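Just below is one structure, and these are the notes that go with it.
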Amino acid sequence: MLPLALYIHWPFCKFKCPYCDFNSHVRERINHADWKATYLKEMAFYREKTGSRQIKSIFFGGGTPSLMEPETVAAIIEEADRLWGLPESTEITLEANPTSVEAEKLRGFKAAGVNRVSLGVQSLRDADLKKLGRQHSAAEAVAAVKLAAGIFDRYSFDLIYARPDQSVADWKQELIEALEFAAGHMSLYQLTIEEGTQYHTLHQRGELKVPSDDIAADMYELTQEMMNARGLPAYEISNHAKPGQESQHNLVYWRYGDYAGIGPGAHGRLTLDGEKWATRAHKAPELWMQWVNDKGHGAHPFEMIDSSKRGWELMMMGLRLREGVQLDAFTKETQTPLSRFINGNRIQVLVDEKLLEVTDQHIRATAAGRQRLNSVLSYLAA
C-alpha cells in the first residue's frame, strides 16, 4: 500500500494580500457547520477511490486555515482516522496567521489533534507588513511564534525577502533577528510577482519596484550562508530545517508521492490501479460545496498522467530537494531509465558546469543548480 497525504484547503481569508495568487476568497459570513459536513463528505469519496492507505501527513492550507473553528479541524482529523487510520507518527500541520486573535486559537488546534503549526510571519518590519497587506504587526508575529513554541513540539514560520525597497543589509539584519526565535524549521521565500495579483498590476505600471535579479541572488546566497551556519540548511530551495525536522507533508510533494487534495481548488496526485492521476477541485467555494452535496465530490474529471509527464513532474519536484531524485524511483515511476529519458549529453554539460551531480543512486542539483533550477530544467527539456 502506498502511503497517502491529505491536503485540506480552507479557501477564506479576512483580506486578500496584494502578492497572493492562491485560491483565497473574502466572505463576510461562513457557516462552519456546513463547511465541516462538506469536507467530511468529500473525504469519504476519496477513501472509496484510494482504498486502505497509511496516512503519512495531513496539511491544512489556504487561504487562512487558522480562521477555521477548532471543532472543524478536530472533526476532519477524526474522520481521517476513521476512514484510513492515523499512525501516531502522522504529521498534522496547520497554517496560521500570527494575529493576536488567531494565535489565541492555537491551543484549540492542539487539542483538535494538530501537532505542527506554520506561521505566516512574512516580515519583521511593520512598514513592510503593511505593504504586503498583512493584518498583524511585527510584535504580534514574534509573540505568536513564542506562543506556538510553548504549545507545539514542532513549529515553523515563513519570511519573504527581495521585498520592495529591501537591501541585502536590511535582509541580513532581519534574518539575524528571526533566528533568535527560530527552532527546527523555517521557510524563506523570494518574493515573486505573480500574474493576476495586485502586485503584478502595480509592477507593470512601474509603481512597484523590487530588487534586481543580482541583488535577489545576493540575498539568496546570504540566506544559505546564514542558515547553514545556524544548523538549518536548505533541504529544499526555500525550506530550511535541522536534520529530522523537515516538513514530512511537503516531502511527499517533492518526492512525487500520493496526496489527496480536498477543498475548493485543491490539487492531488493519486496512484490508482497502477496509473498516476492528477486531480483538481473546482475553485469557487460555493460551487465546490454544491458539487460535493450533489454528487459527493467537488472534483473535475481526473486526468491520467502518462509516463513522460510523470518523469518531468518528478524531475521538476525532486531537483528542488538537496537530496535530488533517486534513480530507482525514477525508473519505477516512468518504466524508463533516466539515460533513455533525458539526453545524456545535456546532463553531462550541466555536470561539467557544476549545476548537476550524478551518482549510481541519484541525480541532484548542486547549490548553484538549485539557485538556477528553472534554467536547468529548461535545458534538460530542450
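DSSP loop GluC sites (Glu not before Pro) in region 170-203 with at most 11 other Cβ atoms within 10 Å of their Cβ, which ones? The partial results should precede the final answer.
On the way: sites: E174, E177, E180, E194, E195; in loops: E180, E194, E195.
In loop regions of region 170-203 (DSSP not H, G, I, E or B), the sparsely surrounded GluC sites (Glu not before Pro) are E180, E195.
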Which residues qualify? For T271, with a placed amide H closer than 5 Å and at least 5 residues away or on another chain, they are W277
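Show that you can apply the helix-only estimate: for the chain, add -39,500 (n - 2.57) for every DSSP H stretch of four or more residues, divide by all residues, and state [θ] at 222 nm to the nearest 500.
Numbers: 17 runs with 166 residues, N = 382.
Here the helix-only value at 222 nm equals -12500 deg cm²/dmol.
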Contact order relative to length for the chain, counting C-alpha pairs under 8 Å separated by 6 or more residues, stands in percent at 15
Share of Cα-Cα pairs in region 4-252 beyond 34 Å, whole percent, is 18
The set of residues whose placed amide H lies less than 5 Å from the amide H of F157, leaving out same-chain residues fewer than 5 positions away, is L119, S187
If amide H atoms are modeled at 1.01 Å from N in the peptide plane, then the residues at a separation of 5 or more from I92, or on another chain, having amide H under 5 Å from its own are I58, N115, R116
Quick note on M315, M43, ordering by fewest other C-beta atoms within 10 Å, gives M43, M315
One point scatterer per Cα, no solvent, Debye formula: log10 I(q)/I(0) for region 307-381 at q = 0.14, 0.28 Å⁻¹ comes out as -0.36, -1.62
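For region 1-55, what relative contact order do you get, as a whole percent, if you take Cα pairs closer than 8 Å and at least 6 residues apart? Each step should come with its number before you reach the end.
Details: 31 pairs, mean separation 28.3, N = 55.
Rounded, it is 51 percent for region 1-55.
Here, each number is a calculation from the coordinates, and none is a lab measurement. Here the structure is a predicted model, which is why all the values come from computation and not from measurement. Here Cβ is always computed from backbone atoms with ideal geometry, including for glycine, and neighbour counts include all displayed protein chains.
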